[in-house]
1. Need the failing condition index for L127 against (1) on the phi > 0 side of the Ramachandran plot; (2) in contact with a Lys or Arg (Cβ under 9 Å, 6 or more places away or on another chain), just the number.
2. Out of all the residues in segment 153-176, is one or more of a type in the set (A, V, I, L, M), assigned to a helix (DSSP H, G or I) and surrounded by 15 or more Cβ atoms within 10 Å (Cβ to Cβ)?
3. Collect the residues in segment 94-134 that are touching a Phe, Trp or Tyr at 6+ places or on another chain (Cβ under 7 Å) and of a type in the set (G, A, S), keeping them in residue-number order.
4. Here's a check for you: in segment 37-60, which residue that is part of a loop (DSSP other than H, G, I, E, B) and surrounded by 16 or more Cβ atoms within 10 Å (Cβ to Cβ) is farthest from the chain's Cα centre (by Cα)?
5. Given the structure, is D117 in the same structural domain as I183 (by TED's automatic domain parsing) and of a type in the set (D, E, K, R)?
6. Only one of T128, T86, T106 is modelled with pLDDT of 95 or more, surrounded by fewer than 17 Cβ atoms within 10 Å (Cβ to Cβ) and outside the structural domain of A29 (by TED's automatic domain parsing); which?
7. Check segment 61-76 and report whether any residue there is in contact (Cβ under 8 Å) with a residue 40 or more places away in the chain and under 20 Å from the mean Cα position of the chain (by Cα).
8. crowded, with 16+ Cβ neighbours inside 10 Å, in contact (Cβ under 8 Å) with a residue 40 or more places away in the chain and part of a loop (DSSP other than H, G, I, E, B), is that true of L28?
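The values are calculated or read from the model by the stated rules, or taken from the named source; none is laboratory data. Just so you know, these numbers come straight off a predicted model, no measurement behind them. Here the Cβ positions follow ideal geometry from the backbone for every residue, glycine too, while neighbour counts run over all protein chains shown.
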Amino acid sequence: MRKITIKDIDYLVPGTWDEMTAEQLCFLANILNSKSTAQEAKVKMLLFCLSARIRRYQKANGTGYAVSLPKDRIWITAEQLAALSTIFDFLFQETEKGIELDIRLTRNPFPVYKDKDIELYGPEDGLTNISYGQFIMLQTWQQRMRQDLFEALDNFLSIIWKDGSFSIREDGDPAWFRNVEPIVKTVMFWYYLGSMNFIQAKFSRVFSSGGNEAPLDIFDTQQRIVDEMASGDVTKKEQVKQSLLYDALYTLEVAIEKEEKKKQDM
């Protein structure tokens, strides 16, 4: 957590994605859904995390803001407010396309999601307890989001959030998510994206690509990998799919590393 001191009073605000609460993440998703700019989002997040209320004021010496905090009230200029909001710079990154969200969320904000009709149980932080088979299905449904985002997202989330208790079953029921708020589903998807950023960095050889184009059929590509890991033995394919994702990726990483060393020694 990061500490902000205002008039000798200390306030704590998140300093990383994983320090943000589910409520704060949902607030951020709402902000971005309303088409706020990155700078507006950072200011709004600052005020929300400080439990602050704000109103604009006009004085003879300039325009600024009156900010009501839980323990005090301060007068602040737009420049000062913008400077304080830089504490949330970690939320965004500059790319060739402009300023984009830099999702690094690996802590599951909804390990248990409770609604009046259902309880859904999700994976551990960083997707550490999902199976390789689930990973294959996640990638497959993520690809289908390009055609139908809403239907694919419900199917996608049902792979790793289960009714009753978490399991490594590859199938799920999209109806479980029929009444889940869209903002909650967005944050759940952020958790997956952030975890994948972590996983891709951890197993860099597995996820490095010689070309710039993504495979046309991710499911078919992954099935080929499963076949390779099972050495063509049909009886072992299911074992590969049921193995933990991290175990499977570690096996692939080591195999690629050995192959690289062989080529270097030739």
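1. Against the list (1) on the phi > 0 side of the Ramachandran plot; (2) in contact with a Lys or Arg (Cβ under 9 Å, 6 or more places away or on another chain), L127 comes up short only on (2).
2. Filtering segment 153-176 down to residues of a type in the set (A, V, I, L, M) leaves 153, 157, 159-160, 168, 175.
Those still in the list that are assigned to a helix (DSSP H, G or I) too: 153, 157, 175.
Those left that are additionally surrounded by 15 or more Cβ atoms within 10 Å (Cβ to Cβ): 153, 157.
Yes: segment 153-176 contains one or more residues that are of a type in the set (A, V, I, L, M), assigned to a helix (DSSP H, G or I) and surrounded by 15 or more Cβ atoms within 10 Å (Cβ to Cβ).
3. G122, G126
4. Pass one, segment 37-60, residues part of a loop (DSSP other than H, G, I, E, B): 37, 50-52, 60.
Then drop every residue that is not surrounded by 16 or more Cβ atoms within 10 Å (Cβ to Cβ), which leaves 50, 52.
Values: L50: 23, A52: 26 Å.
Checking each candidate, the answer is A52.
5. Numbers: in the same structural domain as I183 (by TED's automatic domain parsing): yes; of a type in the set (D, E, K, R): yes.
It is true that D117 is in the same structural domain as I183 (by TED's automatic domain parsing) and of a type in the set (D, E, K, R).
6. Working: T86 fails: outside the structural domain of A29 (by TED's automatic domain parsing); T106 fails: surrounded by fewer than 17 Cβ atoms within 10 Å (Cβ to Cβ).
Just a single option satisfies the conditions, and that option is T128.
7. As a first pass, look at segment 61-76 and keep what is in contact (Cβ under 8 Å) with a residue 40 or more places away in the chain: 69, 71-72, 74.
Narrowing further to those that are under 20 Å from the mean Cα position of the chain (by Cα): none.
Looking through segment 61-76, none of the residues is in contact (Cβ under 8 Å) with a residue 40 or more places away in the chain and under 20 Å from the mean Cα position of the chain (by Cα).
8. Details: crowded, with 16+ Cβ neighbours inside 10 Å: yes; in contact (Cβ under 8 Å) with a residue 40 or more places away in the chain: yes; part of a loop (DSSP other than H, G, I, E, B): no.
Against the criterion (crowded, with 16+ Cβ neighbours inside 10 Å, in contact (Cβ under 8 Å) with a residue 40 or more places away in the chain and part of a loop (DSSP other than H, G, I, E, B)), L28 does not qualify.
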